[in-house]
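The structure appears right after this line, and notes come after that.
The values are calculated or read from the model by the stated rules, or taken from the named source; none is laboratory data. Fair warning: this is a prediction, and the values are worked out from it, not measured in the lab. For neighbour counting, all protein chains shown are included, and Cβ atoms are generated from backbone atoms with ideal geometry for every residue, glycine included. These area figures cover heavy atoms from the full protein model, side chains too; ligands, DNA and RNA do not enter into them. Shrake-Rupley method; radii C 1.70, N 1.55, O 1.52, S 1.80 Å.
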Amino acid sequence: MPSRTLRATGIVTLVAAALLGSAYALGRSLVPDQPGHDTGVPASVHSPHYADQPPAPVGSPATTGAPASPMEHGQDPADDDQGPFGSLVSTGTTRVALTFDDGPDPQYTPQVLALLREYGVKATFCVVGENSAAHPELIQAIVAEGHTLCNHSWDHDITLGKRPRDTIRADLLRTNAAIRAAVPDARIEYFRQPGGAWTYPVVAACEELGMAPLHWTVDPSDWQAPGALRITATVMTETAPGAIVLLHDAGGDRAGTVEALQRLLPELMVRFQLEALPNGTT
């Protein structure tokens with residue numbers, strides 16, 4: 001074959017190869033990258049990790065310095081000795097403590113007091129300030145019958161622990177003042193945060209005022225009025241030595257709680273010694 005023909009054939013081959021290479025590159029640029037096998041390592045340092053949380057909204061506890069209660073997230077950091085943020089979840093003995101929240105109430109508190117009197121049982125009443133101011137005679141009856149008092153905030157503010165420290169302190173002092181307006185020398189040794197929504201500021205405030213933060217061990221959710229049978233079954237199943245049982249004598253229809261108490265008192269007394277949480281000298 002003449003040399004001129006060979007040169008022409010070589011040039012055509014080179015041009016064809018160049019055109020094919022360009023076409024291949026162009027095609028690759030139009031095809032999106034395919035994901036590789038998952039190695040468990042993020043593809044980019046800017047990708048969110050699986051457990052990352054979105055930024056806290058302005059005004060939330062994370063940005064105001066007031067920690068949110070674990071109870072608000074369905075978490076209970078209580079261990080065998082302490083409840084949320086160091087609150088009490090045990091009597092410290094083998095005895096069991098019954099506690100009644102949200103009163104006093106003119107309809108249900110007298111019924112609870114009558115049952116406790118019938119069985120000779122002392123309990124702890126976590127009272128709301130505005131209810132105490134409205135029914136001082138019931139505060140007097142609670143104290144006269146030897147029961148222990150606990151501060152349960154002025155108006156059952158579940159978000160109290162997220163408020164400024166001065167606001168928390170004022171709320172607790174106002175509640176104590178309402179109690180002592182009825183019983184001037186009343187001992188108020190405990191504070192129970194509404195909803196169990198504890199925070200470090202509310203615990204610090206109650207301890208500064210000489211009150212211990214009081215949580216619970218057994219919660220039959222009687223505030224939801226599930227009926228006497230369910231309340232009774234939960235308390236009897238879950239109560240163990242040293243337990244603090246949460247019940248309610250106000251805040252709604254508490255007929256189921258009263259009926260449950262009629263069954264619970266004789267049965268609990270067979271298994272445990274019931275006591276009011278101890279009073280100190282506050």
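Could you check, for segment 166-189, whether at least one of its residues is modelled with pLDDT of 95 or more, within 23 Å of residue 243 (Cα to Cα) and not charged (D, E, K, R)? Yes, there is a match, as at least one residue in segment 166-189 is modelled with pLDDT of 95 or more, within 23 Å of residue 243 (Cα to Cα) and not charged (D, E, K, R). Residues in segment 259-282 that are surrounded by fewer than 21 Cβ atoms within 10 Å (Cβ to Cβ) and part of a helix (DSSP H, G or I): 259, 262, 263, 265, 266, 267, 269, 270, 271.
All conditions but one from (1) closer than 22 Å to residue 95 by Cα; (2) out of contact with any helix residue (DSSP H, G or I) (no Cβ under 7 Å at 6 or more places or on another chain); (3) hydroxyl-bearing (Ser, Thr, Tyr) apply to residue 119; the one that does not is (2).
Being open to solvent by less than 30 Å² (accessible area, probe 1.4 Å) and either part of a helix (DSSP H, G or I) or over 23 Å from residue 122 (Cβ atoms) (or both) is a condition met by at least one residue of segment 205-214. Just one residue in the set 105, 101 is among the charged types (D, E, K, R), under 19 Å from residue 255 (Cα atoms) and open to solvent by less than 20 Å² (accessible area, probe 1.4 Å); that residue is 101. Out of all the residues in segment 80-138, which are among the hydroxyl-bearing types (Ser, Thr, Tyr) and in contact with a strand residue (DSSP E or B) (Cβ under 6 Å, 6 or more places away or on another chain)? If the condition is that a residue be among the hydroxyl-bearing types (Ser, Thr, Tyr) and in contact with a strand residue (DSSP E or B) (Cβ under 6 Å, 6 or more places away or on another chain), then 87, 91, 99, 124 are the ones that fit.
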